[in-house]
1. When the chain is fully extended, how far beyond the present Cα-Cα distance does V24 get from K51, taking 0.36 nm per residue of separation?
2. Under a point spin-label approximation (7 Å from Cα along Cα-to-Cβ), what is the C267-V38 distance to one decimal in nm?
3. More than 12 Å apart: what percent of Cα pairs in region 1-48 qualify?
4. By Kyte-Doolittle mean hydropathy of at least -1.0 and Cα axial length of at least 15 Å, which whole DSSP H helices of the chain are selected?
5. Stokes-Einstein D for region 202-285 at 25 °C, 0.890 mPa s, Kirkwood Rh over Cα pairs, in µm²/s?
6. Which net charge results when you count Lys and Arg as +1 and Asp and Glu as -1 among the other residues whose beta-carbon is under 13 Å from that of R276?
7. Based on alpha-carbon atoms only, what is the radius of gyration of the chain relative to the globular estimate 2.2 N^0.38 Å?
8. Taking the DSSP beta bridges in region 76-189 as the whole, what percent of them are antiparallel, to the nearest 5?
Amino acid sequence: MIKEEDVYSLINAGKINDAGRCIVKGLAEGADFSKSAVVFAHMLVISFPWKSCFKLVQPMWNHLYTSGWLNSLALGRPLNVNNKPIPWITYAAIDFLDSVVKPEWNVFEWGSGNSTLWWSGKVSSVLASESSREWQEEVSKKMPPNAKVLFGGTVQEYLDIYRHASVEKFDVVVIDGDHRNECAKIACDKLAPGGIIVFDNSDMMVHDEGMKFLTDKGLYRMDFWGLIPSYLYKNCTSVFFTDEALPRMLKNRRIPGLHESSVGPSCQQVIDAPLRAAAKSVTPD
């Protein structure tokens, strides 16, 4: 009977395809893989004959490839196909934020990591509150000059980093760390009039209190459901808008065909790319 350690020995040796075949054989034999179910499910996806698939359907037409989802699954981190950091939120939410973000924005995050790096490349400044000292020290090493991650060991300290921030108002407040219900209750305190609140994992029951609080304040909400980096399941990221933000965010945006995304082009954008390039090269009479 194949055991979990047999599969891990193949994974650690870099023999992913062999590990996939081993998992399939073990399941057929009735092996108990319950302790490693998610990891082994990921290995089965990664060990799929993608090269053969790409001979039938071009890689750039395969969103699992172009979004970087396969890459993130293999590496266990939110990355795009070029190993660039992306937020650990739904791909739909990333695409939306890509379409509205402005370089002059100031962003605050509860929770930090690849999302902090992603925001730092798009906005004026990012300030993040982090509840883990070890993680705060680790991610701080990677931050550019316009991003800072501060440690808040207690709930009060974690919240006060936002309350006492030198930035008077933030254009974006991201709730994606610990104590999310408590964060939601003060999120509007330093939110710019035209600002937005990004609340990740908003479909979790434990976050119902915070979601209801923001909804009851009369904010508009859009729910972005879909796949997330590094996992097989569907998730929800919600974006809250103030009265001033909603028309500003939803008007004068690029048409979908011209959308520039952190997580890859659509199939149709790839198909149309030569036509758009040819159209740009034509000089009007």
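Taken together, the values in this text are just the output of simple stated rules run on the coordinates, not laboratory data. Not measured: the values here are computed from a predicted model. Neighbour counts run over all protein chains shown; Cβ positions are idealised from the backbone, glycine included.
1. Details: separation 27, 0.36 × 27 = 9.72 nm, distance 1.97 nm.
Stretched out fully, the V24 to K51 stretch lengthens by 7.8 nm.
2. 3.0
3. Values: 605 of 1128 pairs.
Roughly 54 percent, rounded to a whole number.
4. Details: long enough: 16-29 (20 Å, 0.24); 267-281 (22 Å, 0.06).
Length and hydropathy pass: 16-29, 267-281.
5. Numbers: Rh = 16.5 Å.
Translational diffusion coefficient: 149 µm²/s.
6. Numbers: positive: R254, K280; negative: E260, D272.
Residues near R276 contribute 0 overall.
7. Working: Rg = 21.4 Å, N = 285, 2.2 N^0.38 = 18.8 Å.
This ratio for the chain stands at 1.14.
8. On the way: 1 of 15 bridges.
The antiparallel fraction comes to roughly 5 percent.
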